[in-house]
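Written below as structure tokens is the structure these notes are about.
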Amino acid sequence: MGRSLPSWEVPFAAESLPREHLTLLMAVGSGMTDRVRFLEYFEEHADEHREGTYLLGLAHLQCGMPFGALLILSRLVEERPEHVPVRADLATALVHAGRPGTARTVLARAAGILAERGDGLSTRWLRRIERRVAWVDRALELHALERKFLVLRAAAWAEATATAPPEAAVPSETLLLHARTLCALGELDDAIPPFWEAAKIMTRVMAAAPGRISALEMFVRIARSSLPAPLRRDALAALRAEDPGSPALREARAATLEERVLRRREAESEWYVISDDIAHGDEETLHRALDRIQRRAMCGDYRSPFLASWISYNAHTEELDAVRELSDEVAREPDMDPLDLCSVAESLARSGLRDEALGHARRCAGQTDDPEAAARAAALMEALDGTAR
């Protein structure tokens with residue numbers, strides 16, 4: 001969905017908002033400092049008037065934070081189920097969050113409300129809603145076609161590789177195309193397995209042609225999308241040594257402080273949305289949610305809650321080698337929330353990994369001023385080795 005997002009008006013119905021509030025909303029800047037400042041303003045004043053929370057949701061959407069907007073606007077829809085503009089803007093947030101199917105359901109309900117009213121304004125709004133429904137239907141159709149194409153193409157490349165004579169080396173271009181197809185499939189599905197398959201292929205290419213720039217850039221793309229932090233660092237270092245001016249290096253630059261603030265907030269919002277998927281979704285929804293958790297635990301903008309959740313999941317499956325590797329990831333991750341560190345330590349303790357659990361509990365105790373996190377860390381350290389510090 002991210003390749004062809006719609007340019008729908010935000011807000012859906014500017015006429016439904018007081019002019020002074022609309023002017024303020026439209027003043028949200030494109031710079032990261034402006035975005036942080038304006039979001040803080042809308043948060044501070046969200047309770048001052050009836051549309052304050054609505055404006056806060058719209059501000060998140062304007063700032064490229066659809067999951068934050070989704071959480072706020074979803075609550076508003078529950079409070080004001082007949083408010084069509086809120087529903088329409090929630091659908092926009094859902095599309096930008098990669099959830100077009102849910103967006104279509106929201107738009108269909110908005111269309112039903114408008115059809116029941118039948119006045120002149122409702123008729124105009126209904127035409128706009130129907131155009132959005134048509135866009136979503138077409139996007140869903142194209143997504144299905146693209147996925148089918150990529151699956152078939154990946155299978156064709158795999159067959160070409162498998163049927164090559166043993167004495168003949170598979171051309172590196174064929175392998176590159178196979179890896180590129182798998183990357184596209186991984187991005188489309190937001191899933192890790194295609195990226196890992198692509199990484200295995202690129203390992204072969206780089207072994208056959210060390211220093212090849214196109215191969216190194218492809219491996220950086222894979223590493224940034226799905227691989228643990230040490231492999232990402234190694235991939236970037238190898239590319240930097242061969243081509244310091246590579247566009248892939250510019251794309252991988254360190255985030256600014258403002259970018260980290262916004263990415264953390266949006267990642268936390270996404271975590272809440274995915275948690276709801278796990279709690280209330282069917283089996284297919286749960287499977288997709290686990291794929292997203294795994295990928296964001298490996299390479300998300302803010303990994304803390306996803307690492308904690310993925311460790312908890314693997315601890316229940318008793319995959320101790322995987323749990324130890326994830327524990328190492330947590331130890332290397334500088335931006336862990338204290339409560340997430342507690343969750344990690346508790347999961348490791350349940351798995352019998354006492355030393356690892358103790359290390360994370362001590363880290364939490366040493367860096368938190370959160371009473372809940374401090375108490376949980378102290379209780380765990382007491383249980384593990386008889387100390388509370």
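Please determine, by comparing only the residues of the stretch 74-117 that are touching a residue at least 24 places away in the same chain (Cβ under 8 Å) and among the acidic types (Asp, Glu), which one is farthest from LEU5 (Cα to Cα). Step by step, filter the stretch 74-117, then rank; the result is GLU82. Mind listing whichever residues of the stretch 73-109 are in a loop (DSSP other than H, G, I, E, B), at negative phi and not acidic (Asp, Glu)? Residues satisfying the conditions are ARG80, PRO81, HIS83, ALA97, ARG99. For beta carbons closer than 6 Å, sequence separation of 6+ or different chains, a first residue in the stretch 118-142 that is closer than 30 Å to LEU185 by Cα and a second that is in a loop (DSSP other than H, G, I, E, B), the qualifying pairs are TRP135/PRO6. Here the condition is being small (Gly, Ala, Ser) and in the same structural domain as LEU227 (by TED's automatic domain parsing); of ALA154, ALA199, ALA134, it holds for ALA199 alone.
Here ASP335 meets each of (1) touching a residue at least 40 places away in the same chain (Cβ under 8 Å); (2) under 22 Å from ARG260 (Cβ atoms); (3) assigned to a helix (DSSP H, G or I); (4) acidic (Asp, Glu) with one exception, condition (3). When the residues of the stretch 43-72 are filtered to those that are acidic (Asp, Glu) and not in a helix (DSSP H, G or I), the one that is farthest from the chain's Cα centre (by Cα) is GLU48.
Picking from ALA241, ALA297, ALA308, which residue would you name as being under 30 Å from SER214 (Cα atoms), out of contact with any His (no Cβ under 9 Å at 6 or more places or on another chain), not hydroxyl-bearing (Ser, Thr, Tyr) and not assigned by TED's automatic domain parsing to the domain that holds GLU217?
Testing whether each residue is under 30 Å from SER214 (Cα atoms), out of contact with any His (no Cβ under 9 Å at 6 or more places or on another chain), not hydroxyl-bearing (Ser, Thr, Tyr) and not assigned by TED's automatic domain parsing to the domain that holds GLU217 leaves just ALA297.
Among all residues of the stretch 110-124, there is at least one that is modelled with pLDDT under 95, out of contact with any Lys or Arg (no Cβ under 9 Å at 6 or more places or on another chain), outside any helix (DSSP H, G or I) and assigned by TED's automatic domain parsing to the domain that holds GLY31.
When each of LEU307, LEU286, LEU249, LEU290 is tested for being in a helix (DSSP H, G or I), at pLDDT 90 or above and either over 17 Å from the mean Cα position of the chain (by Cα) or not hydrophobic (A, V, I, L, M, F, W, C) (or both), the lone residue that passes is LEU249.
The condition of being assigned by TED's automatic domain parsing to the domain that holds GLU270, out of contact with any Pro (no Cβ under 6 Å at 6 or more places or on another chain), crowded, with 23+ Cβ neighbours inside 10 Å and assigned to a helix (DSSP H, G or I) holds for only one of ALA378, ALA357, ALA322, ALA374, that being ALA357.
Reported count of residues in the stretch 1-38, each being under 26 Å from the mean Cα position of the chain (by Cα) and either part of a loop (DSSP other than H, G, I, E, B) or touching a residue at least 40 places away in the same chain (Cβ under 8 Å) (or both), is 20. Only residues that are under 17 Å from SER304 (Cα atoms) and surrounded by fewer than 20 Cβ atoms within 10 Å (Cβ to Cβ) were counted in the stretch 338-354, giving 1.
The values are calculated or read from the model by the stated rules, or taken from the named source; none is laboratory data. What you see is a predicted model; the values in this text were computed from it and never measured. Cβ: placed from backbone, ideal geometry, glycine included. Neighbour counts: every protein chain shown.
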